[in-house]
1. Taking a virtual spin label 7 Å from the Cα of Met1 along the C-beta vector, which residues in the stretch 41-63 bring their backbone nitrogen under 11 Å of it?
2. Would you mind computing, in nm to one decimal, how far apart the modelled labels at Lys35 and Ser21 are, each placed 7 Å from Cα along Cα→Cβ?
3. Among DSSP beta bridges lying fully in the chain, give the percent that are antiparallel, nearest 5.
4. Under 15 Å from the Cβ of Thr131, count the other residues' Cβ atoms, weight Lys and Arg +1, Asp and Glu -1, and hand me the total.
5. With a 10 Å Cβ neighbour count serving as the proxy for reagent exposure, in which order, fewest first, do His189, His93 appear?
6. Run the simple label-point estimate for Asp199 and Thr223 please: 7 Å along Cα→C-beta, distance reported in nm.
7. Classify the stretch 108-188 as rounded, prolate or oblate, taking a ≥ b ≥ c as the square roots of the eigenvalues of its Cα gyration tensor: rounded when a/c is under 1.5, otherwise prolate if a/b is larger than b/c and oblate if not.
8. Contact order normalised by length for the stretch 86-149, with contacts defined as Cα pairs under 8 Å and 6 or more residues apart; what percent is it?
Amino acid sequence: MISIDNIYMDYDNNEILSNISYKFDNNKIYGLIGKNGVGKTTLLKTICRLIRSNKGNLFLDDKCINSKDFLSLPITYIGDSSVYYSDLTLKEHLLLMCNIKNFSKRESINKIKSLLDTLKLEKYQYSFPDTLSKGTLQRMSIAIGIIRNEPNILMDEPFNGLDPVQVESVENLIMSEREKDKTIIVSSHDIESLNKICDVYLILKNGKLLDYVPRDLTKKNITTMIRDSYEN
C-alpha cells in the first residue's frame, strides 16, 4: 500500500503537484490520466523516490519513505524509454535481474520462460537491444521490471509502440500482477487499454488528483477534462 500526503512540487515557480494526498490500495490498478506535461511522470518518479518533492510525505505500508533511495524500495518503476546494456542480450538482461534478486536457478528459468511467453519475446531472447524495434524494447523493459516481483509497480506509457496483439499481452500481464495482491499505477493516454484493466481512474489536472470509477467516465468525458485543463 502506497500513501502520499500533501506532496508539492514546482519547477521554476511553476506548480506541478499541488499538495496531493492519496492512498493507493493493494490488489488494484490505477490509471493515471492527464495532458502532456501535467506532471504524471513527475508524480510516479516522486512516489518511487527517483526525484524529491519540495514538500510532503510518502508512506509504504504506513512507514515513511522520505529518506529512502529508489534502489532500497520494493517498488518497480518502468519508464517510457528503454534503458539497457548494449552488450547484453534480452535474456541476459533478465538473468542479470534474477541474479540481483538472488532467485534460484530453477526460479529464474521459470520466471524468464513465463515472461518470454506472455510478452511474445521468445524469438528475441538472444538478440541485442540495438537490433530490436521500439515495441520489442518496450516489452523488454516491462519484462525486466516485472521479473523483480516487487509488490508495487509504477508504469509510464507501457503501451507505446505496441501493436494490438502486443498491447493485449501487456494488458493481460498487468492484470495477472494485480491478482498477486500488488499495487499498480499505470500512466497512459491509451484510454481503451486503461478501461480494460483499471479499477480506478486518476485524473491529474491543475496539480490536483481526482479519482473516478471507470464506468462513470467515457472517453469523451476524459477528453473534455483534459481539454479544459489547457484553458486554465
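1. Within reach of a label on Met1, which here means backbone N under 11 Å from a point 7 Å along Cα→Cβ, the stretch 41-63 contributes 60-63.
2. So the two model labels end up 2.8 nm from each other.
3. On the way: 19 of 37 bridges.
Here the share of antiparallel DSSP bridges comes out near 50 percent.
4. Working: positive: Lys91, Lys123, Lys134, Arg139; negative: Asp87, Glu92, Asp130.
With Lys, Arg at +1 and Asp, Glu at -1, the net is +1.
5. Values: His189 16, His93 21.
Listing His189, His93 from fewest to most nearby Cβ atoms yields His189, His93.
6. 3.0
7. Details: a/c = 1.78, a/b = 1.28, b/c = 1.39.
Oblate is the answer for the stretch 108-188, as a/c is 1.5 or above yet b/c matches or exceeds a/b.
8. In percent, rounded to a whole number, it is 51.
No lab work stands behind these numbers, since they all come straight from the coordinates. Everything quoted here is computed from the prediction, not taken from an experiment. Note that we place each Cβ from the backbone using ideal geometry, even for glycine, and neighbour counts take in every protein chain shown.
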